[in-house]
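Since every read-out is calculated from the coordinates, none of them should be taken as a lab result. Worth saying up front: this structure is predicted, and the values here are computed from it rather than measured. Using ideal geometry, Cβ is built from the backbone for each residue, glycine included, and neighbour counts are taken over all protein chains shown.
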C-alpha cells in the first residue's frame, strides 16, 4: 500500500523539532521547575547569606516540591562564588544568595569574570540595617564622641568587615572620609568572624544588623544607623548617621537572590514569582524582621534599576578611595 507524503507538513514538523532541539530550555520553561535547585553561598556558614539560603530553601521545597542544596564557595570577599556562578548553566536551577556588593563593590575592587550590569539579575531586595557599633572599652557613647576619639588617635581604631570590597568595608571607608578620620581595616572571612573580632576587642568597630543582639546585651555600644532616612524599629533610640551630622548618602546593604541574566525570561518570571510568594509568608516576614531585614516591594525592572544605581553610587566612593581594581 502506498502512502502520500505531505511535503509541507513534513518540513513544518521537522522545523518544529529543530527549534525544540536548538532551544531546549525555552521548550521546557512551562514545566519549570523539573528538578532540584542549588543555592551558591559566598560566605561562611552562620552568616546572613547562609541563614537566608536555608530559610528560602525550606520554602522552595514547600512550594515546588524540589529540594535545595547549598553550595558553599567561600573566599576573596565573595569573588570566588561570583566567578563560579558566572559559569553555571543559565537555566534558573542555580541561584546566588548574595548582597548588592556583587553588583556595586566586588567588580569594582577586584578582577572578576562577570559584568554586574549584564550577567546577573536580582530577584529580590532585603534592606539591611547597617549599624555602627564599637567595643565598650572605647571611651565613647555617641558617633560624635567616636569621631573625636578617632581624630585624636589616627589609625589606632581598627574596624572589622566580612572581607575586602564588602559593604562593611565600604562603610568604614565612607565613615573615614565623611568624618575626616583614619581607620585601620581588618578583613575577615565572613560576618560572624568580623562580629566576634569586635566583641573580643581584636577590632574596635564593626557594621551590620548582626550587632543588634550584642548592643542589647551590652557587649557592644551602638553609635548610629548608617542612613539618611528613618531609624530602625529594633533600636529606636539609635540615631541615624544623618542625625549625627553625617548628612547625605550613606552606604546601603541589601540581600538578594540572583540568577544569570541569560536565564530564559519565563524562568526568571517563575523564580521571581516563587521568591515573591515566600516573602509574603507570615513566618518569613517575622523571621526577616528578626534578623534586621526589610523587604523592598519592587518588580524585576525596579530591582535592575536599584542594582544599577548602586553600581554608580559605590563607584564614586571606590574611585575616590583608590580601591578600584587595576
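Structural remarks
- Were the residues from residue 297 through residue 88 laid out at 0.36 nm apart, the gain over their Cα-Cα distance would be 72.4 nm.
- Cα gyration tensor shape of region 131-225, rounded if a/c is under 1.5, else prolate or oblate by comparing a/b with b/c: oblate
- Our helix-only sum for the chain, with -39,500 (n - 2.57) per DSSP H run of n ≥ 4 divided by its residues, gives a mean residue ellipticity at 222 nm of -12500 deg cm²/dmol.
- FRET efficiency estimate (nearest 0.05) - Cβ-Cβ, residue 320 to residue 237, R0 25 angstrom: 0.15
- With R₀ fixed at 25 Å, the C-beta to C-beta distance from residue 35 to residue 111 puts the FRET efficiency at about 0.15.
- On full extension, the segment bounded by residue 308 and residue 261 gains 15.5 nm, given 0.36 nm per residue less the C-alpha separation.
- The listed peptides 266-274, 298-306, 313-321, 251-259, ordered by packing as a protection proxy, come out as 251-259, 266-274, 313-321, 298-306 (highest mean of other Cβ atoms within 10 Å first).
- In this calculation the C-beta distance from residue 64 to residue 144 is compared with R0 = 56 Å, giving a FRET efficiency of 0.65.
- Listed residues 124, 48, 110, most fluctuating in the chain (Gaussian network, C-alpha, under 10 Å): 110
- Once you reduce region 83-104 and region 273-326 to the center of their Cα atoms, the two points are 14 Å from each other.
- Bridge orientation summary for the chain: considering DSSP beta bridges with both residues in this region, about 55 percent are antiparallel.
- Residues of region 162-185 with amide N under 16 Å of a point placed 7 Å along Cα→Cβ from residue 151: 175-183
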